[in-house]
Amino acid sequence: MKKKIIAGMMAAVLAAGMVMPVSAADTTPQENSVKVGYEEASTFTLTIPAAVTLSETEGTEGSIGLSAMNIETTEKVQIKVTEGITDGKVTLTDVKDSANTCSSTVSLTEGGEGIASDAVIAEFTMDSTLLTVPLYFSALGEVPAGTYSGQIVYQASIVSE
């Protein structure tokens, strides 16, 4: 019997502890705020041809550019040549005989001045309507038989305007 009385008292104490006090006396509205935000990182994709086949007799055109560009309005994307052009020319070397070389002037206009090493060759903003820049390679002239290869390295980066 004693156990039943103690158990009943414990149940009453537990029930009383579960009641949450509610105060309705303060009728002043409460106000607070939440900060809402979003951040989208600037992105772009540099597009260059896998290969450009040059000619002994005619100039060749290739183009580089951007796709899927989404940058801030205070930024621009610069493309520059970082390797492969010396004194405005790209040098191609015979893969079987490194003593055999030929070169082609690389310019931004047909028959134009060669691109300087480490030169910025294009800049694009979100307002840019065209996202490509043509590159012109001059004719190689007479070249001994062989398979020739060269490489130009481009770098694209986001900079502040």
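The values are calculated or read from the model by the stated rules, or taken from the named source; none is laboratory data. All values derive from a computational prediction rather than experimental measurement. Backbone-built Cβ (ideal geometry, glycine too); neighbour counts: all protein chains shown. Just the protein is used for accessible areas: all its heavy atoms, side chains included, with ligands, DNA and RNA removed. Shrake-Rupley method; radii C 1.70, N 1.55, O 1.52, S 1.80 Å.
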Checklist entry - Taking amide H positions as placed 1.01 Å from N in the peptide plane, with prolines and chain starts having none, which residues 5 or more places from residue 64, or on another chain, fall under 5 Å of its amide H? => result 133, 135
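Where does each of 107-119, 131-143 land if you order them by average Cβ count within 10 Å, highest first? Show your work: numbers first, answer last.
Working: 107-119: 14.0, 131-143: 16.4.
Highest to lowest by the protection proxy: 131-143, 107-119.
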Item to check | Rg/Rh (Cα only; Kirkwood hydrodynamic radius) as it applies to segment 18-161 | outcome: 1.44
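Residue 57 to residue 108: FRET efficiency via 1/(1 + (r/R0)^6), r the Cβ-Cβ distance, R0 30 Å, to the nearest 0.05? Mind showing how you got there, number by number?
Details: r = 22 Å, r/R0 = 0.73.
Taking R0 as 30 Å, the efficiency between residue 57 and residue 108 is 0.85.
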Checklist entry - With charges only on Cβ, +1 for K and R and -1 for D and E, what is the dipole size of segment 25-75 about its Cα centre, in debye, rounded to 20? => result 100 debye
Item to check | Rounded percent of accessible protein surface that carbon and sulfur make up, segment 51-159, 1.4 Å probe | outcome: 45 percent
Item to check | Kirkwood hydrodynamic radius over Cα pairs of segment 95-161, then Stokes diffusion coefficient at 4 °C and 1.567 mPa s, in µm²/s | outcome: 88 µm²/s
Checklist entry - What residue among 128, 107, 152 has its Cα farthest toward the positive end of the dipole of segment 63-158, where the charges are +1 on Lys, Arg and -1 on Asp, Glu, each on the Cβ? => result 152
Item to check | segment 23-85: radius of gyration and largest Cα-Cα distance (Dmax), Å | outcome: 27.0, 95
Checklist entry - If packing is taken as the mean number of other Cβ atoms within 10 Å per residue, what is the order of 56-64, 76-84, highest first? => result 76-84, 56-64
